[in-house]
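Here the structure comes first, spelled out in structure tokens, and everything after it is commentary.
The values are calculated or read from the model by the stated rules, or taken from the named source; none is laboratory data. Because the structure is a prediction, the values reported are computed rather than measured. Note: ideal-geometry Cβ built from the backbone for every residue, glycine included; neighbour counts use all protein chains shown. All accessible areas refer to the heavy atoms of the entire protein, side chains included, with ligands and DNA or RNA removed. Shrake-Rupley method; radii C 1.70, N 1.55, O 1.52, S 1.80 Å.
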Amino acid sequence: MALVTAGVVVLDCAEPEKLAAFYRELLEADDVDASANRVEIRTADGFRLALRRDVNATAPSWPRPENSLQAHLEFVTDDLDGVERRIVSLGGRPMESGDSSGPTEERGYADPAGHSFTVRRGVPTAPKQG
């Protein structure tokens, strides 16, 4: 029997209720558990995300090189334009990315609290460059 039976991604933020609402709508997820300092949601396929209150939270500064990205969320879609419209309508924002000419297979965003995440078409096969 496995010692670890489930995992959950946890993002620290100043207002977990508000950030949970963003991800709940974006991922069409349901509340699993909520307290004064933590909200956990789960998607239909079982992905779990928790938002935890951090009274000293500041937005990550990625992609600045002096504060390298250590972790981020990555979501997969067949409709990058549709997902972008939804993200922006929910309070997220596009992040600067490299060359924007031609079709892009990956786009970077920040949630309302500043955490970066990626939406891509397909699963990456190459290592991160930079």
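Observations, loosely collected:
The rows are residues; the columns are (1) at pLDDT 85 or above; (2) under 17 Å from A21 (Cβ atoms); (3) buried (at least 16 other Cβ atoms within 10 Å of the Cβ).
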| residue | (1), (2), (3) |
| --- | --- |
| N37 | yes, yes, no |
| R42 | yes, yes, yes |
| L49 | yes, yes, yes |
| S68 | no, no, no |
| R86 | yes, yes, no |
| R107 | yes, no, yes |
| D111 | yes, yes, yes |
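- Whichever residue in segment 88-105 is among the hydroxyl-bearing types (S, T, Y) and at pLDDT below 90 and, among such residues, is least open to solvent (accessible area, probe 1.4 Å): T104
- Complete set of residues in segment 113-129 that are open to solvent by 90 Å² or more (accessible area, probe 1.4 Å) and modelled with pLDDT under 80: V123, T125, P127, K128, Q129
- Top-ranked residue of segment 16-35 - restricted to ones that are part of a loop (DSSP other than H, G, I, E, B) and open to solvent by less than 90 Å² (accessible area, probe 1.4 Å), ranked as modelled with the lowest pLDDT: S35
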